[in-house]
Amino acid sequence: MVNHKLPYDQTSATSIEAYSKTLLNQSLREVIGEKVNSYQGKGKLGQLIEELFFYYKPNSNAAPDFPEAGLEVKTSPLKKLKNGDIASKERLVFNIINYQEEYKNDFYHSSFLLKNQLLLLMFFLHEKEKSDIDYTFKIIKLFKFPEKDLLIIKQDWGKIIEKIKAGKAHELSEGDTLYLGACPKGANRNTLRTQPFSEVMAMQRAYSLKSKYLNYIIKSSLDDAAVKDVEVLRHKTFEDIIIEKFIPFYGKSIKEISFKLNYSISEAKSSIYLLTKEILGVKGKFIEEFEKADIQLKTVRLETTGSLKESMSFPQIQYQEIILEDFLDSAWYEMITKKFFFVIFQKNEKAELILKKVMFWTMPYEDIKIAEEFWMDTKAKVLNGEFDNFQRITDNRKFHVRPKGANAQDLMPTEKYGLQKKKSYWFNASYVKEIINKQ
DNA sequence: GCATGATCATGC
DNA sequence: GCATGATCATGC
């Protein structure tokens, strides 16, 4: 071992695990910086991690990577499925099976178990367009096979050994076994080895864990993470936790944020709204809580000067319903009395949108009074057929009504006045500015 | 520069 | 198929 002080205790699995977790949600390049460029060798991410992160030379020893800790390090890729779920990208490959030796031992003295009894699993998200050193690590954990899984793996191992003993190593197939497979390993299918009980050359194979088995590990790890989030709730408020999700992105451009999240920004006008949902974790625990609490998510775009170009739109006015409603049971009342969560972006000199801050807000009582007058006025005009005479932004009463439809021909039926253009409730831009400057 | 009308991609 | 969140485009 090189003679400099390691940032972890190589005799302790938990110390190694703790150190390895500094890579969580980061890429190798982000963690070790420019050193990565000075690396001359070529290799897969796993080898780079060994050499540049753990500071040991990759080897092919029969012992685990950290012999004193009895710990084997395994890096493995994840992929994102179309539905947004995360799954294993490929099987996890272990040591090559030495047909000439392996059958001489029992399972508990097998090369597989001696080397892989305790694993440090490091799952990263594989993304086609990125290079190895830019993949983000998503799951890092110590892993020991649960007892009942180990029994199946023992049976799997037994099946592999049976074939070797029967002189049929060349007939080994991954379909023989359940969790532990014997997968081809070599430059190509013609990488062959001798076997002890037959003259036939057998394809070189290594032990491997099947993708499906990894998915089980992955899923339970992600569930663990959700459980930890719940643990956190005991100590912090829901609002604090949400805000903390955004703080790492403060000062970052939407381009940087989406890159970090491995999310491609849409072409929609609501693109930063969609990006914001991504930060919240669309599939995660929190968006669920967010939705349960019926929080109104709104994004705000500030110009470089801090002014707002646009007012804030709300759902359309249902002309046939508003005339039947009282203020307190109106759709509008329901909208404005929600808890709001504002995500505020601001343009910089280069016209990039930068995340400035986030904030929770509820409408103060005096504004609800104003909103009530606005709604009463709107309802009266719908009743009277004054569809072009709603409260305007120039009335300077915090709210106004404006068109909102697919186009000018997008109409909606009314009780007495035929089809009318679809229109919505809006917060005046000046009102939004007042809200966000208060905090 | 701003009010107002018009429109668009997305997701359910 | 259509509402939604949001921004674009025009004209004064």
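Odds and ends about this structure:
- Where A:Phe342 falls short, out of the listed (1) at pLDDT below 95; (2) within 29 Å of A:Leu233 (Cα to Cα); (3) in contact with a Lys or Arg (Cβ under 9 Å, 6 or more places away or on another chain): (1)
- Screening the candidates A:Glu289, A:Glu256 for the property of being of a type outside the set (Ser, Thr, Tyr), farther than 25 Å from A:Tyr425 by Cα, more than 8 Å from DNA strand C (Cβ to nearest atom) and in contact with a helix residue (DSSP H, G or I) (Cβ under 7 Å, 6 or more places away or on another chain) yields one hit, A:Glu289.
- Test: residue in the range A:355-363 that is away from DNA strand B (no atom under 16 Å from the Cβ), in contact (Cβ under 8 Å) with a residue 12 or more places away in the chain and under 20 Å from A:Asn396 (Cα atoms): yes
- Residue check, A:Asn105 over 34 Å from the mean Cα position of the chain (by Cα) and surrounded by fewer than 20 Cβ atoms within 10 Å (Cβ to Cβ): yes
- Which listed residue, of A:Ala331, A:Ala268, A:Ala351, is away from DNA strand B (no atom under 16 Å from the Cβ) and among the aliphatic types (A, V, I, L, M): A:Ala331
- Restricting attention to the range A:417-433 and to residues that are under 16 Å from A:Ile336 (Cα atoms) and of a type outside the set (S, T, N, Q), the residue that is surrounded by the fewest Cβ atoms within 10 Å (Cβ to Cβ) turns out to be A:Ala429.
- Test: A:Phe340 is more than 12 Å from DNA strand B (Cβ to nearest atom) and under 29 Å from the mean Cα position of the chain (by Cα): yes
- Subset of the range A:340-363 [surrounded by 14 or more Cβ atoms within 10 Å (Cβ to Cβ) and in a loop (DSSP other than H, G, I, E, B)]: A:Glu352, A:Met363
- Residues satisfying the stated conditions in the range A:379-416, i.e. more than 13 Å from DNA strand C (Cβ to nearest atom), surrounded by fewer than 16 Cβ atoms within 10 Å (Cβ to Cβ) and in contact (Cβ under 8 Å) with a residue 40 or more places away in the chain: A:Leu383, A:Glu415
- Considering (1) under 29 Å from A:Glu50 (Cα atoms); (2) surrounded by fewer than 15 Cβ atoms within 10 Å (Cβ to Cβ), the lone condition that A:Tyr135 does not fulfil carries the number (2).
- Some residue of the range A:300-308 being surrounded by fewer than 18 Cβ atoms within 10 Å (Cβ to Cβ) and not in a loop (DSSP other than H, G, I, E, B): yes
- Selected residue (criterion: nearest to A:Leu81 (Cα to Cα)) from residues of the range A:104-139 that are in contact with a Lys or Arg (Cβ under 6 Å, 6 or more places away or on another chain) and of a type outside the set (A, V, I, L, M, F, W, C): A:His126
- Matching residues in the range A:217-267 - criterion: being aromatic (Phe, Trp, Tyr), part of a helix (DSSP H, G or I) and modelled with pLDDT of 85 or more: A:Phe246, A:Phe249, A:Phe259
- Within the range A:364-393, the set of residues being among the hydroxyl-bearing types (Ser, Thr, Tyr) and within 16 Å of DNA strand B (Cβ to nearest atom) comprises just one member, A:Thr378.
- For the range A:163-177, residues that are of a type in the set (D, E, K, R) and not in a helix (DSSP H, G or I) total 1.
- Within the range A:394-408, if we keep just the residues that are assigned to a loop (DSSP other than H, G, I, E, B) and within 7 Å of DNA strand B (Cβ to nearest atom), the residue that is nearest to A:Trp361 (Cα to Cα) turns out to be A:Lys404.
- Residue list for the range A:140-162, restricted to those being hydrophobic (A, V, I, L, M, F, W, C), in a strand (DSSP E or B) and touching a Lys or Arg at 6+ places or on another chain (Cβ under 9 Å): A:Ile140, A:Phe143
- Of the strands (runs of 3 or more DSSP E) lying entirely inside the range A:66-109, those carrying at least 3 residues that are of a type in the set (A, V, I, L, M) and on the phi < 0 side of the Ramachandran plot are A:71-80, A:92-96.
- Among the candidates A:Thr177, A:Thr194, residue that is exposed (fewer than 15 other Cβ atoms within 10 Å of the Cβ), β-branched (Val, Ile, Thr) and at pLDDT below 95: A:Thr194
- Residue list for the range A:319-333, restricted to those being free of Cβ contacts under 8 Å to residues at least 40 places away in the same chain and either in contact with a strand residue (DSSP E or B) (Cβ under 9 Å, 6 or more places away or on another chain) or within 11 Å of DNA strand C (Cβ to nearest atom) (or both): A:Ala331
- Entry remark, the range A:142-183: residues being of a type in the set (D, E, K, R), within 21 Å of A:Lys74 (Cβ to Cβ) and touching a helix residue (DSSP H, G or I) at 6+ places or on another chain (Cβ under 6 Å) number 1 in total.
The values are calculated or read from the model by the stated rules, or taken from the named source; none is laboratory data. Just so it is clear, the model here is predicted, and its values are computed rather than measured. Here Cβ is always computed from backbone atoms with ideal geometry, including for glycine, and neighbour counts include all displayed protein chains.
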